[in-house]
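Can you read through this structure? Questions will come right after.
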Amino acid sequence: MACLFCNILEKKVPATVVYEDEHALAFRDIRPVAPTHVLVIPKKHLAAVHDLDDVHAEAVGRLLVAARRVADQEGLTKDGYRLVINDGDAAGQTVHHIHVHVLGGRSLSWPPG
Ligand code: 5GP
Ligand code: ZN
């Protein structure tokens, strides 16, 4: 499997894992853009938001719940944080396995670049 994040799931590529449950894995981004920058991925490979359909609703819901747990665990809930999913080239998606960026620990400007 050529997918980088599937390789992280299979422990073929090392990562600093901060959270894991039956459906999701969360690990620190290798190039953090905020004091806290964690990626949360579904354990089942899904390439992108534009591939989602009704059958994926539960998986996506679980992914968001996992992201919320990561944010709590990282101490971000009081001050606030941002969840980002980049979809496709214009948004800068570089890894084609859906991932939620959990960003926090500083103030985050809006709109994003
Ligand atoms: P995207 O640009 O697709 O939304 O986000 C991909 C993210 O994966 C980037 O923030 C990038 O820094 C991160 N990333 C790329 N390769 C690796 C890796 O090997 N390990 C980890 N932990 N993060 C990675
Ligand atoms: Zn994958």
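Based on this model, can you work out whether residue 44 counts as within 14 Å of the chain's Cα centre (by Cα) and either surrounded by fewer than 16 Cβ atoms within 10 Å (Cβ to Cβ) or within 11 Å of ligand 1 (Cβ to nearest atom) (or both)? Steps first, please.
On the way: within 14 Å of the chain's Cα centre (by Cα): yes; either surrounded by fewer than 16 Cβ atoms within 10 Å (Cβ to Cβ) or within 11 Å of ligand 1 (Cβ to nearest atom) (or both): yes.
It is true that residue 44 is within 14 Å of the chain's Cα centre (by Cα) and either surrounded by fewer than 16 Cβ atoms within 10 Å (Cβ to Cβ) or within 11 Å of ligand 1 (Cβ to nearest atom) (or both).
Can you tell me which of 68, 62 is among the basic types (Lys, Arg), under 22 Å from residue 21 (Cα atoms) and in contact with a His (Cβ under 8 Å, 6 or more places away or on another chain)?
That would be 62, the only listed residue that is among the basic types (Lys, Arg), under 22 Å from residue 21 (Cα atoms) and in contact with a His (Cβ under 8 Å, 6 or more places away or on another chain).
While we're on this one: Among the residues of segment 4-27, is any within 15 Å of ligand 1 (Cβ to nearest atom), touching a Lys or Arg at 6+ places or on another chain (Cβ under 9 Å) and at pLDDT below 95?
No: zero hits.
Kindly evaluate residue 17 against the criterion of being surrounded by 13 or more Cβ atoms within 10 Å (Cβ to Cβ) and either of a type in the set (S, T, N, Q) or more than 12 Å from ligand 2 (Cβ to nearest atom) (or both).
yes
Whether any residue in segment 89-110 is touching a helix residue (DSSP H, G or I) at 6+ places or on another chain (Cβ under 6 Å), touching a residue at least 12 places away in the same chain (Cβ under 8 Å), farther than 22 Å from residue 17 by Cβ and surrounded by fewer than 16 Cβ atoms within 10 Å (Cβ to Cβ) is what I want to check.
No, because not a single residue in segment 89-110 is touching a helix residue (DSSP H, G or I) at 6+ places or on another chain (Cβ under 6 Å), touching a residue at least 12 places away in the same chain (Cβ under 8 Å), farther than 22 Å from residue 17 by Cβ and surrounded by fewer than 16 Cβ atoms within 10 Å (Cβ to Cβ).
The values are calculated or read from the model by the stated rules, or taken from the named source; none is laboratory data. These numbers come from a predicted model, not from an experiment. Cβ sites come from the backbone with ideal geometry, for glycine too, and all protein chains shown count toward neighbours.
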